[in-house]
Amino acid sequence: MLQNADFRFEQVGSPSASYIIKEIDNNELVVGLSNQFLKLAAISAADLTQQWNVVCDTCETGISQKKGLVATGCNITSITNNLCVQIGVEARDAMFLAGCDNSDSQNFDFWTAIPW
């Protein structure tokens, strides 16, 4: 379950940046998709549902040495269908993919607490 988990974003695409979202406590688990819902899965380079695009309204540079807020207003989209990650109404609701509408439920702020 993705609830109460901490994640880090790791760039995998170059020159066109895409990211995998790794679970901090287990580097072998990443966020993927199952029926438009986000789930943890074993990392697989062949599974494109595990790759994400991230576009932010603001983003700090040189974040590897910073702690605290480093990016705001970020949309996370699946590279397979360009749909946006969205949080549910209730805290216990699963995160899912939906058409991008720039709503608050699709905007994320990124924080860092420890240097990688």
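Computed quantities for the displayed model
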read-out	value
Relative contact order, percent, the chain [alpha-carbon distance under 8 Å, six or more residues apart]	20 percent
Amide H partners (placed H, <5 Å) of V12, local residues excluded	S18, Y19, I20
By average C-beta atoms within 10 angstrom, highest first, the peptides 90-101, 21-32	21-32, 90-101
Cα-Cα pairs of the range 18-59 separated by more than 12 Å (percent)	59 percent
Among (i) 37; (ii) 43; (iii) 40, the entry derived from the coordinates for percent of Cα pairs over 20 Å apart	(iii)
Residue-wise HN-Hα coupling along the range 16-21, computed from phi with Karplus coefficients 6.51, -1.76, 1.60 (Hz; x: Gly, Pro)	7, 6, 10, 9, 10, 10
Long-range amide H partners of C100 with built H, under 5 Å	C84
Amide H contacts of V70 (H built 1.01 Å from N, under 5 Å, at least 5 apart or other chain)	F110, W111, T112
Apportionment of accessible area to carbon and sulfur, the range 1-60, percent (1.4 Å)	47 percent
Percent carbon-and-sulfur accessible area, the range 67-116, ignoring ligands, DNA and RNA, probe 1.4 Å	55 percent
Integer Hz, Karplus 6.51/-1.76/1.60 couplings in order for the range 29-40, x for Gly and Pro	9, 10, 7, x, 10, 9, 6, 6, 10, 7, 8, 7
Accessible area in square angstrom per residue, the chain, 1.4 angstrom probe	62 Å²
Charge dipole magnitude, Cβ of K and R +1, D and E -1 - the chain, Cα centre, debye nearest 20	180 debye
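The values are calculated or read from the model by the stated rules, or taken from the named source; none is laboratory data. Fair warning: this is a prediction, and the values are worked out from it, not measured in the lab. Here the Cβ is made from the backbone with ideal geometry for all residues, glycine too, and neighbour counts use every protein chain on show. For the accessible areas, the whole protein counts, side chains as well, though only heavy atoms, and no ligand, DNA or RNA atoms are used. Shrake-Rupley method; radii C 1.70, N 1.55, O 1.52, S 1.80 Å.
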